[in-house]
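The values are calculated or read from the model by the stated rules, or taken from the named source; none is laboratory data. Everything numeric here is computed off the predicted structure, so don't read it as measured data. Cβ coordinates were reconstructed from backbone atoms using ideal geometry, including for glycine residues, and neighbour counts include every protein chain displayed. Side chains included, ligands, DNA and RNA excluded: accessible areas come from the protein's heavy atoms. Shrake-Rupley method; radii C 1.70, N 1.55, O 1.52, S 1.80 Å.
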Amino acid sequence: MASFQYLTKGKGKTSTIYLRLKNRPHYDITKSTGYTVDLSKWANGGLKRNATDATDKKLKIDLRDLETKILRLTDATPANLIDADWLKNTIAICKGEQSSNLELSDYVTDYVQHIIDTAHTRENDKGGLGLSESRIKSYGNLKGMIDRYQGNKTYRIKDVDKAFATKFLNWMLKKEYSKSYALKIISDLKTVCRDAIGNDIEVSKQLLSIKAPTVKNEKPIYLSPQELETIQQKELTREAHLNARKWLILGCHIGQRGSDLLNLTADNHGIRNGVEVIELTQQKTGKAVIIPLPKVARETLADGFPYGIALSKFNSYLKEICQLAGIDTPTTGRKSIGKRGQRRLGTYPKHELISSHVCRRTYASNYYGTMPTPLLLQITGHSTEKMLLKYIGKPSIDYVQQIADHYRLMERKAEKTAKMDIIKKAVNE
């Protein structure tokens with residue numbers, strides 16, 4: 001049978017009241033009740049008889065009520081299911097701080113996990129059911145970040161106010177996470193809290209005041225046409241490298257995200273109206289796209305479609321291929337450091353910063369200004385040219401250059417037409 005005991009710790013003026021629940025050899029657990037007490041009024045696991053003011057009387061009632069409920073739930077729960085998490089949640093339930101449905105725990109990390117667990121039933125941006133893999137991954141990143149930040153302390157949804165957001169953001173920046181990533185974490189945290197409102201979980205009144213502005217991207221990393229040519233011409237001996245290079249060349253000429261690129265098979269490769277194309281449905285947007293293949297991509301696929309490869313392997317092989325090809329210009333960017341793979345800003349040989357996302361950025365960067373922008377937007381999936389320019393890191397001055405190039409092209413066409421008219425006139429005469 002379980003034994004129950006209230007404890008205090010320390011010798012200060014006040015102390016938190018802890019609850020110890022013991023049933024050896026099954027468990028011996030001590031957890032905070034969240035109540036505090038003036039130690040001058042406390043003795044032998046309870047309030048003294050002379051503790052008679054209104055606050056003391058309420059605390060006596062609360063502690064007696066908590067003991068009754070905990071013991072009743074303990075008797076109804078198999079001993080092998082009682083552990084520290086069970087006691088923490090049960091205390092919160094008995095105090096009315098948390099739903100009796102443990103899936104609706106008001107602890108931040110618990111609620112994030114609830115969202116992950118119910119991702120398949122949640123409405124997505126496309127109006128259907130089921131969150132995308134990338135969205136689920138974002139929630140997993142949020143949960144991991146909160147876990148690292150809070151340590152032994154646990155935060156509830158209602159604790160997420162402006163002060164919390166500021167401290168959390170500063171902590172991430174001190175840990176050298178990028179500003180854009182840290183603000184994305186704050187934005188996702190706000191989304192979690194807003195979702196909790198729909199389940200009648202208390203949130204901070206300051207929630208809507210928490211700001212998570214987007215920041216300008218660090219200089220995007222892409223491969224220039226000259227670097228791509230160098231990679232194509234490099235003699236490779238490993239089959240894995242040859243296969244990964246095929247994916248790289250294809251990716252740099254169809255402009256799709258790594259997950260979409262590596263899900264392609266020979267079934268996505270075909271002929272439409274005599275044009276060799278890749279057809280796919282983008283995972284993130286749900287948009288069906290048909291991409292005509294330029295000559296270099298057609299030549300890459302001439303001897304067969306590349307075989308499937310995991311994204312992590314692809315990223316590793318890309319770095320190795322680019323290193324072999326001498327893509328080592330000192331470049332500013334973020335590189336994963338340490339066991340947790342924390343991304344740190346620095347200057348590294350360019351090949352160390354290459355990953356699957358270089359395919360899409362390379363396509364957008366190299367084709368911008370040479371392909372009509374509306375057509376380019378159809379393939380990259382950006383909704384506006386402004387978003388595309390931000391993505392590839394091009395300033396607004398590029399508009400000037402693009403318009404100037406257009407004028408020169410029109411002028412050359414006009415000159416050519418005038419010359420042809422003169423020739424025709426001379427022939428006719």
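Some points to look at:
- Within segment 160-206, considering residues that are more than 24 Å from residue 119 (Cα to Cα), of a type in the set (D, E, K, R) and assigned to a helix (DSSP H, G or I), the one nearest to the chain's Cα centre (by Cα): 179
- Test set (1) at pLDDT 90 or above; (2) of a type in the set (Val, Ile, Thr); (3) open to solvent by less than 20 Å² (accessible area, probe 1.4 Å) - residue 347 fails condition number: (3)
Here is a yes/no grid of residues against (1) assigned to a strand (DSSP E or B); (2) not basic (Lys, Arg):
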| residue | (1), (2) |
| --- | --- |
| 18 | yes, yes |
| 22 | yes, no |
| 25 | no, yes |
| 30 | yes, yes |
| 34 | yes, yes |
| 60 | no, no |
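- Taking first residues from segment 334-346 that are closer than 17 Å to residue 179 by Cβ and partners that are open to solvent by less than 100 Å² (accessible area, probe 1.4 Å) and at pLDDT below 70, the Cβ contacts under 8 Å between residues at least 6 apart in sequence or on separate chains come to 334/218; 345/218.
Residues are listed down the side, and each one gets a yes or a no for (1) out of contact with any Cys (no Cβ under 7 Å at 6 or more places or on another chain); (2) at pLDDT 95 or above; (3) of a type in the set (Asp, Glu):
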residue	(1), (2), (3)
222	yes, no, no
225	yes, no, no
228	no, yes, no
236	yes, yes, no
239	yes, yes, yes
249	yes, yes, no
255	yes, no, no
259	yes, no, no
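- Inspection of segment 313-334 identifies at least one residue that is crowded, with 16+ Cβ neighbours inside 10 Å, charged (D, E, K, R) and in contact with a Leu (Cβ under 8 Å, 6 or more places away or on another chain).
- Members of segment 303-312 found to be under 18 Å from residue 235 (Cα atoms) and exposed (fewer than 14 other Cβ atoms within 10 Å of the Cβ), listed by number: 303
- Test result for residue 245, at pLDDT 95 or above, basic (Lys, Arg) and open to solvent by less than 60 Å² (accessible area, probe 1.4 Å): yes
- Candidate set: segment 55-84, residues that are within 40 Å of the chain's Cα centre (by Cα) and open to solvent by 50 Å² or more (accessible area, probe 1.4 Å); chosen: the one nearest to residue 20 (Cα to Cα): 83
- Of the set (1) open to solvent by 80 Å² or more (accessible area, probe 1.4 Å); (2) touching a Leu at 6+ places or on another chain (Cβ under 8 Å); (3) at pLDDT 65 or above, all apply to residue 396 but (3).
- Checking residue 109 against (1) in contact with a Lys or Arg (Cβ under 6 Å, 6 or more places away or on another chain); (2) farther than 30 Å from residue 178 by Cα, the condition it does not meet: (2)
- Checking each residue in segment 122-152 for being within 16 Å of residue 283 (Cβ to Cβ), open to solvent by less than 50 Å² (accessible area, probe 1.4 Å) and part of a helix (DSSP H, G or I) picks out only 138.
- Scan segment 45-54 for residues that are open to solvent by 50 Å² or more (accessible area, probe 1.4 Å) and either touching a strand residue (DSSP E or B) at 6+ places or on another chain (Cβ under 9 Å) or of a type in the set (A, V, I, L, M, F, W, C) (or both) and the total you get is 2.
- Residue 42 vs. criteria surrounded by 16 or more Cβ atoms within 10 Å (Cβ to Cβ), under 25 Å from residue 203 (Cα atoms) and without any contact (Cβ under 8 Å) to a residue 60 or more places away in the chain: no
- Segment 261-276: number of residues that are at positive phi and either at pLDDT 95 or above or within 30 Å of the chain's Cα centre (by Cα) (or both): 0
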